[in-house]
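Quick notes on the structure that follows.
The values are calculated or read from the model by the stated rules, or taken from the named source; none is laboratory data. Because the structure is predicted, anything quoted here is derived from the model rather than measured. Cβ placement follows ideal geometry from the backbone for every residue including glycine, while neighbour counts extend to all protein chains displayed. These area figures cover heavy atoms from the full protein model, side chains too; ligands, DNA and RNA do not enter into them. Shrake-Rupley method; radii C 1.70, N 1.55, O 1.52, S 1.80 Å.
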Protein chains: 4
Amino acid sequence: MRKETLDRILKFTEDRDWDQFHTPANLAKSISIEANELLECFQWSDDNYDLEHVKEELADVMVYCIDMLDKLGLDADEIINAKMDKNEKKYPVEKGRGSAKKYTNL
Amino acid sequence: MRKETLDRILKFTEDRDWDQFHTPANLAKSISIEANELLECFQWSDDNYDLEHVKEELADVMVYCIDMLDKLGLDADEIINAKMDKNEKKYPVEKGRGSAKKYTNL
Amino acid sequence: MRKETLDRILKFTEDRDWDQFHTPANLAKSISIEANELLECFQWSDDNYDLEHVKEELADVMVYCIDMLDKLGLDADEIINAKMDKNEKKYPVEKGRGSAKKYTNL
Amino acid sequence: MRKETLDRILKFTEDRDWDQFHTPANLAKSISIEANELLECFQWSDDNYDLEHVKEELADVMVYCIDMLDKLGLDADEIINAKMDKNEKKYPVEKGRGSAKKYTNL
């Protein structure tokens, strides 16, 4: 993500003085709420979705994730790489590879 | 986000041959599921949360968002800026500024 | 639902002195969190689910719904019938009947 | 809940021939989506909520729960009591009673 994009997201909140509402708990609720607006695109069908709508809802989820990173002073690369370290240990290639059965059992 | 981080996320899926499970609908479910593991950090208290746990769950949400971008061939900067164009029109600075009352009514 | 079942749910909370944590907002979070544990049963497959697990997670969602009814002094029959009045007007039988296309557009 | 309420919910679906869309997976998505519309009532404030809106969204969650019970041939009292058996063992009164700290650690 480009620095200008991140700056634009934070400036949007700042300009409106909305930082006061962006507690970590409220942002966690917001991420879940937007994630479910995204899920609603697939409520009755897995395949018959409106891509333009999906793009908007996915963007909303990501915007609130970025707000939360900012609020908690976190770095995206850092927390994702720390989690990927764990995931790679938890699901070794040989063990996880392949079948849905294995995947759902992991 | 650095290119190496994005590449690592995609390689993780590829190495395990899990792309077959990553339909847009399944990824939308996964984003919601992880968002709620994040929300669980704040289930009974807004202030008394475990930051290490928050970091992991937020990372999980972001990883599935990146998987979905990849799956649908989308660019994060592009969809976020398109959504910010809309948000900035919908909530003009003068109108949105300030009180929680205004904010919740928007 | 039998009165003994409802009483048992409320007594469980009362015996543990947990009513203090059951604010409406915390219960709303809890309903979403449990709903996503239910959703997790279908994360990678629509058809290949563990019925015993589904039963437990669905029960958890319903228990928190009953806690919320109690907390807000609401009657299940009353709020559901009020909502069904609305739904029946919003989706007249002739209009809503049938195709997925119509359904998703409603 | 009264039998007429349950019957009304099932008749609503039947009259519109919507049972075809009510797969267990789609209902699980729907429960999560409605749970998040309920959560949205508390997005920016725990205390400043619109009770009429809360009632409608809570009713929506419960309606989909009832649809799922019906779809899977389950009995609400049965699955809830089975889960309460587990909960009562998992959280003995002496152990769980009282503080938020204990509660969040459970």
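Residues are listed down the side, and each one gets a yes or a no for (1) out of contact with any Asp or Glu (no Cβ under 6 Å at 6 or more places or on another chain); (2) of a type in the set (Phe, Trp, Tyr); (3) closer than 26 Å to A:Leu72 by Cα:
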residue	(1), (2), (3)
B:Arg8	yes, no, yes
B:Lys11	yes, no, no
B:Leu38	no, no, yes
B:Trp44	yes, yes, yes
B:Asp47	yes, no, yes
B:Val54	yes, no, yes
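Within the bounds of segment B:48-61, is there any residue that is in contact (Cβ under 8 Å) with a residue 24 or more places away in the chain and of a type in the set (A, V, I, L, M, F, W, C)? Spell out the reasoning first.
As a first pass, look at segment B:48-61 and keep what is in contact (Cβ under 8 Å) with a residue 24 or more places away in the chain: B:60-61.
Right, trim to of a type in the set (A, V, I, L, M, F, W, C) and you get B:61.
Yes - at least one qualifying residue is present in segment B:48-61.
For segment D:21-61, which positions are more than 16 Å from C:Glu57 (Cα to Cα) and among the basic types (Lys, Arg)?
D:Lys55
Using beta carbons and a limit of 7 Å, which pairs, at least six apart or on different chains, have the first residue in segment A:75-95 and among the small types (Gly, Ala, Ser) and the second one open to solvent by 20 Å² or more (accessible area, probe 1.4 Å) and assigned to a loop (DSSP other than H, G, I, E, B)?
Note: pairs meeting the criteria are A:Ala76/B:Met1.
Being under 16 Å from the mean Cα position of the chain (by Cα), on the phi < 0 side of the Ramachandran plot and hydroxyl-bearing (Ser, Thr, Tyr): is that true of C:Ser45 here? Write out each step before concluding.
On the way: under 16 Å from the mean Cα position of the chain (by Cα): no; on the phi < 0 side of the Ramachandran plot: yes; hydroxyl-bearing (Ser, Thr, Tyr): yes.
For C:Ser45, the condition - under 16 Å from the mean Cα position of the chain (by Cα), on the phi < 0 side of the Ramachandran plot and hydroxyl-bearing (Ser, Thr, Tyr) - is not met.
List the helices (runs of 4 or more DSSP H) that sit entirely inside segment B:14-106 and contain at least 2 residues that are among the basic types (Lys, Arg) and either open to solvent by 10 Å² or more (accessible area, probe 1.4 Å) or within 14 Å of chain C (Cβ to nearest Cβ) (or both). Lay out the reasoning, then the answer.
Working: elements: B:24-40, B:51-72, B:76-90, B:93-96, B:100-105.
Counting at least 2 such residues, we get B:51-72, B:76-90, B:100-105.
Look at B:Asp7 and say whether it is open to solvent by 20 Å² or more (accessible area, probe 1.4 Å) and touching a residue at least 60 places away in the same chain (Cβ under 8 Å). Quick ask: steps written out before the conclusion?
Numbers: open to solvent by 20 Å² or more (accessible area, probe 1.4 Å): yes; touching a residue at least 60 places away in the same chain (Cβ under 8 Å): no.
Answer is no for this residue.
Taking D:Tyr64, is it more than 17 Å from C:Met1 (Cβ to Cβ) and either more than 15 Å from the chain's Cα centre (by Cα) or at pLDDT 95 or above (or both)?
Details: more than 17 Å from C:Met1 (Cβ to Cβ): no; either more than 15 Å from the chain's Cα centre (by Cα) or at pLDDT 95 or above (or both): yes.
For D:Tyr64, the condition - more than 17 Å from C:Met1 (Cβ to Cβ) and either more than 15 Å from the chain's Cα centre (by Cα) or at pLDDT 95 or above (or both) - is not met.
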